[in-house]
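A short write-up of the structure that comes next.
The values are calculated or read from the model by the stated rules, or taken from the named source; none is laboratory data. These numbers were taken from a predicted model, which means no experiment stands behind them. Here the Cβ positions follow ideal geometry from the backbone for every residue, glycine too, while neighbour counts run over all protein chains shown.
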């Protein structure tokens, strides 16, 4: 008996990537794909690489047959997802929400960082943060999972071990992140025009990006410390990929060798199939199209810093891949089912 | 019982792509990977995206245990492959040769167009040209298959119906092709340096590219006509992808509508799972990472020409994907086994 | 005494490139830059690379002080330019119109190919087609110049000699052109999003692009023949550059060697400083940022075709550079003044 | 009377960029261009975008006529330059060395960080560090100038004001830098192949890049402090451009507003025509092809850090442009002569 899924909001990059993964997933079927702006149109007319593969018609979310579904993926912008969570608060199916609407600890923090009123605050307590490396038990029994942000996924997995172990001064962490252009979404904006992104590179949202608080809250909750993170996102001239370069100053009195550091990472992520502790600094192309997070931690004895490189594919481990990973856990499947992919490189 | 395969020459892009496909193939195992230049090194040290996935050591081809193999893929440059064909002429395993050494009709043509002496001419008669859309019966019973060139695959599939049906003047076909940079191989050359290819675009080998004769011979043999092809390859600033724009002048007296033309293409490729007749002009990104050849034929009544757009991924349908397709046929598997992939877009 | 110029419509790529050229031009000043959508804003706020260099405020075209100007560049979309031509039909300044509104022979052809009513047909007879290599005398005495389209510039300069000399069958010319993404303009459209263009390549407007008729009319008028052109534009994943690959079948009875062909091109463009007859096939990066058109003609004796490669920078020789070249001629300056640039490569 | 210059080693990107600048420079002539590997060949055969513009033959450095020169640019790899400095230690012309051979304080530091014996240590004391914003007086009277490294130029200009003013803890500076691929040179290497760099991004030389010590020594000498710098270079999939994101922790007790910080930067670089203090975070494309260093300093009161974005074109302000700037100073020309360029964007 396969898991019957639907994708709500399938015209974006995340929706398209979910469709790819679900179509190839041995234990899932794609019962419905919705789009309010393109309803009535074939999915493959919006995403032509699905021609002949996913030709079913996009429908309105109002036409969804609730009773026929086991799982719904909300691939919607923040501020929109919450309406569907409200609508389906008592539905029989499970929900993985890929937006930012339920990732933070409480509605107040949400409203402060997202500058938006939250219209369904009651659901915060029902959501589990869907980072399987840390919350797999909670995810297994959750009805609703808030899929992590792309930058936070790379930042949290990279920084967690050194904060948890008390190796670095957690109140002055620097996380310098670089993301491919799909992170900005599919909507036509002057800032993501080809000729604006190509041959270019720039920082944005310095000091005030919403993912900052997500990183701090999750790292803090999981390590029982209160990290302060200087997070700076940059826009890379690539389609996919996030690389975070994480800097922590080694605490006074702490002695740690490179080998010991690597061992800590290997132990922390032992048994987690999608985290690879690499022997050389990884490039984003080495995880492209996969659900891997590649980590490369290193000690600089000259400066007294630990530097960690963390890479993911923002549409996979940073969005759709992690959502399917969460779904696998929620339905008792093997973690890697449908996700045993190899990077498309070059 | 799985098919035991080996890849001979695995440091290039084609070898890496074969490793990806075989690793994910439900009915194949990868028993050995060879490299003379990197023997003793892990495969994943040469291609780091395989870290944790294909970590087996590269061996010399001389260390291969012949008896343990069902199938060998020769992923070698032309001029090198023939040595292995000679060495293994009586071996028990089957061979798919991805080089140009046995694609042409006879050694004389080879020596003229490749400017190289052929050292094992006897094998020409044993090879079948591995374009499954046209030669699937021969491939099924072949011991040795010459996998088609990348440009010829796109050109032949695109041009065949209009020549076969006698719609266009076959002695003045224009095939204007554009290929991503992986077509030039992995070897460091000044012409394929990043800063040479990026933001650039140029034609090369005008009038004398080796694939010209391959296109003419195969099209000629299959249609019983003698096409003359003006083939011009160009280098695109992308990793993958070939797009061929094919121009044929409609013969005097021939009347053909756009709908009729499309019907001819649909009939010709009916039952061939990897050819898609598209309703809009396809881009190379829509077949990236897949074994599809997307075709878009159109009539221009104003000029009296037929224009056909043909797109493939040069490393897939133009190399490794087609090789696995051939292998599936040679071993009686389902044609699409291990190849039911969806384009990684964006 | 410097030539006082204004740019009407300066928020696009062409307007920005004109501002670059005029600012650096020894004999021109930039008196005004207009934008209806961004009036009141600094030019450098719209195009930040001009920060500290061109900080003057954008004004509305209605605020222009006509009496203070010698020359106006209309850097507007087709359909908009004609309104300004009408408004300024009796103004004292000269006009270079970079749109397509007055490039064609007559309003009827315009309305057919542009699918748009022409609201100021009277001006057609006053405009000179601004291709300096062919119409320099007319340009010198013109009040109004229609700056050629980008594709037509590359196509006409490349194809003219072989048609003029009667070498090829002019009724079956194939012009396969590839352009960088700036050709599509600065407006945010889903088709020119970074992730749509990057790693992609596709043909568009097959058989019906508006530049087809411009190519045919100008080539026809200048050669006294009636060429029929199969023109296919493609979108390259680069910012700038057009490369046209031009195919002509050598007429029966004509004998021409490669050397003779090159000589014809050298003679035709002798004395024209912006056409370079190259000894090897040029890439688009070799003309980037310059006003050059690089040509590479070649004979293929095997097939009986002539192939000509023609490259330009679409924003320079295909737009702003050619406009300044025209302005130089209109005001009796040296042709190359302000345009003696060297390609920014890499 | 023009300044007669020569470029020693003109086959690389820096040599080509120097040729572009000198050719366009009103007060310089290019008397000789040398290459040991390509002597006898036209410069435009090596760099085809110079076709028709710089067609002079490359000669061996041994053929140089010393007496005819005023200035020699050494555009050579480190370890090679020193030989020419030795050879020409008593020559009549001045020297700008673009390699790393004489940038550091002493031969011992050089040998430690460059892992190479220095064969002409005597010249260290004769060299002036050619960063005009800090050493213009020394440069004006120097015979030999060591042109700064590309990363150090962006890092030093960005970090200097906050260290000089004692705003941040200088012993824990983080400089996260990203450079386009031309920084790796023109030599064919597998790491700079198109398909390796394209769609990729990675860190390298973490904790041990040679530019680290150059940054520390120059910053230290100029500010009379002893900064410790955690410098991490990354490889961007672009041709040109460096963006450094600089992080400093505000010292205990220091109070600084964003406006005050910007004022400090404006005062520090007042009168320096190539440093622009930007009002928004700059992208590398906004300085492409120019000699500008664009700086964007900002305070994050939440975290207590100062973040400075610093962008340059690595081949211009990071190499050839700065070399010409130095030459202008050495010969009493206007600082901006030949360098009043506007970015080629897009």
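Miscellaneous remarks
- Any chance residue D:148 is touching a helix residue (DSSP H, G or I) at 6+ places or on another chain (Cβ under 7 Å) and either within 14 Å of chain A (Cβ to nearest Cβ) or part of a helix (DSSP H, G or I) (or both): no
- Residues (surrounded by fewer than 14 Cβ atoms within 10 Å (Cβ to Cβ) and over 21 Å from residue C:23 (Cβ atoms)) located in segment C:64-87: C:66, C:67, C:86
- Residue B:136 at pLDDT 95 or above, surrounded by fewer than 20 Cβ atoms within 10 Å (Cβ to Cβ), over 19 Å from residue B:226 (Cα atoms) and in contact with a strand residue (DSSP E or B) (Cβ under 8 Å, 6 or more places away or on another chain): no
- Within segment A:102-123, the set of residues being surrounded by 19 or more Cβ atoms within 10 Å (Cβ to Cβ) and under 25 Å from residue A:67 (Cα atoms) comprises A:102, A:123.
- Inter-residue pairs, beta-carbon under 6 Å, first facing another protein chain (nearest Cβ under 7 Å) and in segment C:275-288, second part of a helix (DSSP H, G or I), 6+ apart: C:286/D:48; C:286/D:49
- Test: residue in segment C:246-261 that is at pLDDT 95 or above, closer than 28 Å to residue C:192 by Cβ, over 17 Å from the mean Cα position of the chain (by Cα) and within 13 Å of chain B (Cβ to nearest Cβ): yes
- Test result for residue B:90, at pLDDT below 95 and surrounded by fewer than 19 Cβ atoms within 10 Å (Cβ to Cβ): no
- Condition check for residue D:297: within 29 Å of residue D:235 (Cβ to Cβ), without any contact (Cβ under 8 Å) to a residue 60 or more places away in the chain and either away from every other protein chain (no Cβ under 12 Å) or in contact with a helix residue (DSSP H, G or I) (Cβ under 8 Å, 6 or more places away or on another chain) (or both): no
- Of all residues in segment C:225-237, those being at the interface with another protein chain (Cβ under 7 Å from one of its Cβ atoms) and within 18 Å of the chain's Cα centre (by Cα) number 2.
- Filtered residues of segment A:180-207 (kept if surrounded by fewer than 23 Cβ atoms within 10 Å (Cβ to Cβ) and either assigned to a loop (DSSP other than H, G, I, E, B) or not assigned by TED's automatic domain parsing to the domain that holds residue A:254 (or both)): A:185, A:186, A:187, A:188, A:189, A:204, A:205, A:206, A:207
- Flag if residue D:76 is assigned by TED's automatic domain parsing to the domain that holds residue D:113, without any contact (Cβ under 8 Å) to a residue 60 or more places away in the chain, in a loop (DSSP other than H, G, I, E, B) and under 21 Å from residue D:320 (Cα atoms): no
- Condition check for residue B:93: under 24 Å from residue B:23 (Cα atoms) and more than 14 Å from chain C (Cβ to nearest Cβ): yes
- Of all residues in segment A:10-45, those being surrounded by fewer than 20 Cβ atoms within 10 Å (Cβ to Cβ) and more than 11 Å from chain B (Cβ to nearest Cβ) number 8.
- Checklist (1) touching a strand residue (DSSP E or B) at 6+ places or on another chain (Cβ under 7 Å); (2) in contact (Cβ under 8 Å) with a residue 40 or more places away in the chain; (3) farther than 18 Å from residue B:203 by Cβ; (4) in the same structural domain as residue C:248 (by TED's automatic domain parsing) applied to residue C:323, failing item: (4)
- When segment B:156-174 is filtered for residues that are within 14 Å of chain C (Cβ to nearest Cβ) and assigned to a helix (DSSP H, G or I), the ones remaining, listed by number, are B:158, B:170, B:171, B:172.
- When we screen C:332, C:304 for residues that are within 11 Å of chain B (Cβ to nearest Cβ) and at positive phi, the only hit is C:304.
- Residue match in segment D:36-50 (condition: in a loop (DSSP other than H, G, I, E, B), within 22 Å of residue D:94 (Cβ to Cβ) and out of contact with any strand residue (DSSP E or B) (no Cβ under 6 Å at 6 or more places or on another chain)): no
- Residue D:337 vs. criteria more than 22 Å from residue D:174 (Cβ to Cβ), at pLDDT 95 or above and within 10 Å of chain A (Cβ to nearest Cβ): no
- Tally, over segment B:164-175, of residues that are surrounded by fewer than 24 Cβ atoms within 10 Å (Cβ to Cβ) and either without any contact (Cβ under 8 Å) to a residue 40 or more places away in the chain or at negative phi (or both): 7
- Meets criteria (under 14 Å from residue B:323 (Cα atoms) and free of Cβ contacts under 8 Å to residues at least 60 places away in the same chain) for residue B:145: no
- Here D:55, D:92 are screened, and the one residue that is closer than 21 Å to residue D:141 by Cα and not in a strand (DSSP E or B) is D:92.
- Among the conditions (1) outside any helix (DSSP H, G or I); (2) modelled with pLDDT of 95 or more, residue B:10 misses just one, which is (2).
- Candidate set: segment B:208-227, residues that are out of contact with any helix residue (DSSP H, G or I) (no Cβ under 7 Å at 6 or more places or on another chain) and surrounded by fewer than 17 Cβ atoms within 10 Å (Cβ to Cβ); chosen: the one farthest from residue C:287 (Cα to Cα): B:224
- Exclusive hit being closer than 22 Å to residue C:250 by Cα and in a strand (DSSP E or B), set B:226, B:177: B:177
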